[in-house]
Each structure stands twice: as C-alpha cells, then as structure tokens.
1. What list of ³J(HN,Hα) couplings, whole Hz, do you get for segment 73-79 from phi and the Karplus terms 6.51, -1.76, 1.60, once you set θ to phi - 60° and write x for glycine and proline?
2. For the chain, with the dipole built from +1 on Lys and Arg beta-carbon atoms and -1 on Asp and Glu ones, taken about the Cα centre, which of Asn38, Asn14, His51 lies farthest toward the positive end?
3. So how do 33-39, 63-69 stack up, highest first, on mean other-Cβ count within 10 Å?
4. Where the only charges are on Cβ atoms (+1 Lys, Arg; -1 Asp, Glu), what is the dipole of segment 46-93 about its Cα centre, to the nearest 20 debye?
5. In degrees between 0 and 90, to the nearest 10, how far off the longest principal axis of the chain does helix 17-30 point, with axes built from Cα atoms?
6. Is there a quick way to get the dipole size of the chain? I mean about its Cα centre, with the Cβ of Lys and Arg at +1 and of Asp and Glu at -1; what is the value in debye to the nearest 20?
7. For the chain, just the Cα atoms, rotate onto the principal axes and tell me the three extents in Å, largest first.
8. List the residues, sorted by chain then number, that are 5 or more residues from Phe59 or on another chain and whose placed amide H is less than 5 Å from its amide H.
Amino acid sequence: MSKQIYKVEFSIDNLSLAEQNKFYKKLISMLDEDQRYNLHITITDVLGGKHHIWDGIGFDPNGRLCRECKSIDCEDCSTYIARENIRNGKSTDNTGSN
Ligand SMILES: [Zn+2]
C-alpha cells in the first residue's frame, strides 16, 4: 500500500511586497526541511514576468527563461533590462535568436 502524494499549488492575487514577505515567513516556519526542499514559489510581477524565487529562475514577460533571476520584478532584473536594450536596438549584439 503506497501513500498517496499530491502536488498542491496555492496562489494569492494582489499582495504587496510586505504582505508577501509576511506570508512567506509564516509558511517557511511551518515547513520541515523536506517540505522546504519541495517548496516552489512563483511571483508574477505587473509586467507579466514570472519569478520562481525559491528555485532561482524566472521567465520574463516575453516568456524567456532567466536562469539567475533573484529579482521578483523584471524591471529590477539586469538580464531582462539587457535583453530589452537589445530588442530596442541599443546594441549591435545578435546572440539572441528571436
Ligand atoms: Zn530575471
């Protein structure tokens, strides 16, 4: 007889940074080490960027992976800003493959 296990996703709209931080701290304090290991948190910013802060990755508003995303807001992410500068013709770099 195997134990039934589930992946459970919760989401809350319209949280401020302070509220988000408060819930985050409470949640972490309730979890044991294994549960923390299995925790994933996704924050969607106003631009539509998705930030998986616990996993250290994110997706910008164009859906492109950001491997080092430590930001919870694409406007503060140097990777995103650099890409936008390229898109807006502020660089002659053509390493991107859009
Ligand atoms: Zn990023």
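Each reported figure results from applying straightforward, stated rules to the coordinates on display, with no laboratory input. Since the model is a prediction, treat every value here as computed from it, not as a measurement. Glycine also receives a Cβ, built like all others from the backbone with ideal geometry; neighbour counts cover every protein chain displayed.
1. Those phi angles translate into 8, 4, 5, 9, 9, 5, 5 Hz.
2. Going by the Cα projections, it comes out as Asn38.
3. Working: 33-39: 10.1, 63-69: 13.7.
With the highest mean Cβ count within 10 Å placed first, the list reads 63-69, 33-39.
4. Roughly 160 debye for segment 46-93.
5. On a 0 to 90 degree scale, this one is about 40.
6. Working: 13 positive and 15 negative charges, 30 e Å.
Result for the chain is approximately 140 debye, rounded to the nearest 20.
7. 59, 36, 20
8. HN-HN under 5 Å from Phe59: Lys50, His51, His52, Cys66.
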